[in-house]
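Enquirer: Here's a structure for you.
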Amino acid sequence: MKQGGREKVPNAAVRIDEDSRRTAVAAARAALEKKAGEVVVLDLRGVSGYTDFLVIGSGTSDRQLETIAEGVEKELKAQGHRVVGSEGQRGGRWVLLDFGDVVVHVFHQDERGHYDLEGLWADAPRVAVDS
């Protein structure tokens with residue numbers, strides 16, 4: 001519906017967007033608690049059709065990647081979210097956790113630059129995460 005020449009967004013849509021943002025920040029904080037490096041949250045709303053937020057972090061070993069991913073999954077499950085898909089656990093150099101509106105990528109620090117998701121989504125705003 002239009003109001004004053006601008007589209008009025010229903011309150012439910014605003015609430016869902018804020019829920020997604022809070023979920024992304026919670027995922028980032030959980031990654032930071034497990035000592036993930038260079039944690040970044042990208043706001044893809046209006047830029048991508050497949051998710052609202054990307055959370056990207058790095059680890060220095062395969063075991064740390066698993067620990068970070070497990071910490072994120074445990075925290076978001078405790079908040080009522082569930083993983084709809086995952087890739088790369090157990091010895092991988094990149095773990096992906098898909099929560100629908102939030103997708104978490106945990107890279108081995110040597111792999112992160114190769115995929116350069118921050119460069120791919122350079123136009124996406126970054127969300128501040130208070131640790």
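Enquirer: Against the conditions (1) at pLDDT 90 or above; (2) open to solvent by less than 70 Å² (accessible area, probe 1.4 Å), where does Asp17 fall short? Just the number, please.
Expert: Looking at each condition in turn, Asp17 falls short on (1).
Enquirer: Then there is this: With the condition kept exactly as written, say whether any residue in segment 43-63 is surrounded by 15 or more Cβ atoms within 10 Å (Cβ to Cβ), of a type in the set (Ser, Thr, Tyr) and within 12 Å of Ala24 (Cβ to Cβ).
Expert: Yes; the residues of segment 43-63 include at least one that is surrounded by 15 or more Cβ atoms within 10 Å (Cβ to Cβ), of a type in the set (Ser, Thr, Tyr) and within 12 Å of Ala24 (Cβ to Cβ).
Enquirer: Go through segment 25-42 and report how many residues are touching a Leu at 6+ places or on another chain (Cβ under 8 Å) and either farther than 15 Å from Gln109 by Cα or charged (D, E, K, R) (or both).
Expert: 5
Enquirer: Those residues that are open to solvent by 20 Å² or more (accessible area, probe 1.4 Å) and either under 12 Å from the mean Cα position of the chain (by Cα) or acidic (Asp, Glu) (or both), I need them from segment 100-116; list them, please.
Expert: So the first thing to find is which residues in segment 100-116 are open to solvent by 20 Å² or more (accessible area, probe 1.4 Å), and the list is 100-101, 109-111, 113-116.
Of everything in segment 100-116, those that are open to solvent by 20 Å² or more (accessible area, probe 1.4 Å) and either under 12 Å from the mean Cα position of the chain (by Cα) or acidic (Asp, Glu) (or both) turn out to be Gly100, Asp101, Asp110, Glu111, Asp116.
Enquirer: Of the residues in segment 90-99, how many are open to solvent by less than 60 Å² (accessible area, probe 1.4 Å) and among the aromatic types (Phe, Trp, Tyr)?
Expert: Residues of segment 90-99 open to solvent by less than 60 Å² (accessible area, probe 1.4 Å): 91-92, 95-99.
Narrowing further to those that are among the aromatic types (Phe, Trp, Tyr): 99.
Number satisfying all stated conditions: 1.
Enquirer: In the list Glu70, Glu66, Glu75, Glu87, which residue meets the criterion of being charged (D, E, K, R) and either loosely packed, with under 14 Cβ neighbours inside 10 Å or under 12 Å from the mean Cα position of the chain (by Cα) (or both)?
Expert: Glu87
The values are calculated or read from the model by the stated rules, or taken from the named source; none is laboratory data. Values in this document were obtained by computation on a predicted structure and should not be read as measured data. Quick reminder, even Gly has a Cβ in these numbers, built from the backbone with ideal geometry, and neighbours come from all protein chains shown. Keep in mind that these areas ignore ligands, DNA and RNA; they rest on the heavy atoms of the full protein, side chains included. Shrake-Rupley method; radii C 1.70, N 1.55, O 1.52, S 1.80 Å.
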